[in-house]
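Asks: Got a structure for you, written out below as C-alpha cells; questions coming shortly.
Just so you know, all these numbers are worked out from the coordinates, no wet-lab data involved. Keep in mind the model is a prediction, meaning the values are calculated, not measured. Here the Cβ positions follow ideal geometry from the backbone for every residue, glycine too, while neighbour counts run over all protein chains shown.
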Amino acid sequence: MRGLGIFTWFGYRIPVPERLRLIREAGFDTVMHWWDDSFAETDGFTKEAQAELIRREGLCIENAHLQTNQVNDLWLDSPNGEAALARYLADIDGLAECGIPVAVLHTTSGICPPEMSRVGIKRFRMLADRAEQKCVKLALENVRHTDRLVTVLDTITSPALGFCYDSGHDFVWSDVPYALLARYQGRLFAVHLHDNNGQNDDHLAPGTGAIDWGIVRNGIEESSYQGAYTLEGDGAAAYPAQTPQAHLAVHYQGARAMLYGNE
C-alpha cells in the first residue's frame with residue numbers, strides 16, 4: 001500500500017519539532033520538505049537541520065520543493081538569469097548531499113512571467129543534466145501557464161526530468177483538468193494533492209471540494225509513480241478555530257477515504 005505524506009508546513013505557526021511530531025502522530029509517514037532558508041530565522045533551523053529533524057522523527061522525505069522566487073529569471077538572458085541557474089544547480093547538489101531523491105520546481109511564477117526563450121530551455125536542460133549526474137529526479141510542477149510546462153517536458157527528454165502533478169492547480173488553471181496527469185503518466189515523479197471548488201487554489205482536504213478523486217487516483221495508480229500520496233494541507237484559513245491536530249486529521253481522513261478506497 002502506498003505511503004501517505006503531507007507538506008511540513010500545514011498552516012500553523014508552531015515550532016518545527018512539534019509540527020513534525022504532530023504529522024507523525026496523525027498517521028503520516030512521509031513529508032514534502034521546503035528546500036530554502038527563507039524561514040530559517042523564524043523557524044530556528046536551516047533546511048539541512050530540518051531534514052535531520054524529519055528523519056529523527058521517523059518520517060521519510062518524499063521530495064523537496066525548491067524556492068520559487070527566482071524561477072521567472074531562468075527565462076531571462078541576464079545576470080539575474082545566471083544567478084537563478086546557479087542557485088538551482090546548487091539546490092540539486094544540496095539535495096543529493098542530503099539524500100533527498102526528488103526536487104520539485106515550477107517553470108513559471110505568477111500571472112505574467114517572462115516570454116518563453118531559448119536560454120530558458122537551455123537552463124532547464126542544464127538543471128536536468130545536473131540532476132541526472134547527481135542521481136536526483138527533477139519534477140516540474142503544473143502551475144499557471146501549463147503550455148510552458150508542456151514545452152519544457154516535451155523538448156527535454158532526460159530520464160531525470162519529469163512531472164509533479166498538483167491536483168489543485170490542475171483543477172483551477174488547466175483548460176482540461178486531469179489531461180496532464182494522463183499525458184505524463186510515464187514521467188510522474190511526484191504528486192501534490194489537495195482539493196478546491198474550481199475557483200481558487202484553496203489547498204483543501206481531499207473530498208471537501210469538487211475534484212474527482214476517482215480520476216486522480218486511477219491516473220496515479222496507472223502511472224509509473226511508485227511514491228507516496230503527498231498532500232498540501234496549508235489551507236488553515238479554510239478551517240477556522242481548528243486545532244493543528246484536528247486540521248491534520250481532516251486531511252488524513254480525507255486522503256484515506258478518497259485515495260485508498262477499500263484498502
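Asks: Could you pull out the GluC sites (Glu not before Pro) across the stretch 57-139 that fall in loop regions by DSSP (anything but H, G, I, E, B) with no more than 14 other Cβ atoms inside 10 Å?
Replies: Glu115
Asks: From Cα pairs below 8 angstrom and at least 6 apart in sequence, can you work out the relative contact order of the stretch 4-259, rounded to a whole percent?
Replies: Contact order relative to length: 19 percent.
Asks: If you consider only alpha-carbon coordinates, what radius of gyration and Dmax does the chain have, in Å?
Replies: Rg and Dmax of the chain, Cα atoms, are 17.5, 54 Å.
Asks: Ok, one more. Select from the stretch 135-210 those chymotrypsin sites (Phe, Trp or Tyr not before Pro) which occupy a DSSP coil region and have at most 10 other Cβ atoms within 10 Å, ordered by residue number.
Replies: Answer in residue order: no site qualifies.
Asks: What fraction of the Cα pairs in the stretch 110-183, stated in percent, has a spacing above 14 angstrom?
Replies: On the way: 1646 of 2701 pairs.
That fraction is 61 percent.
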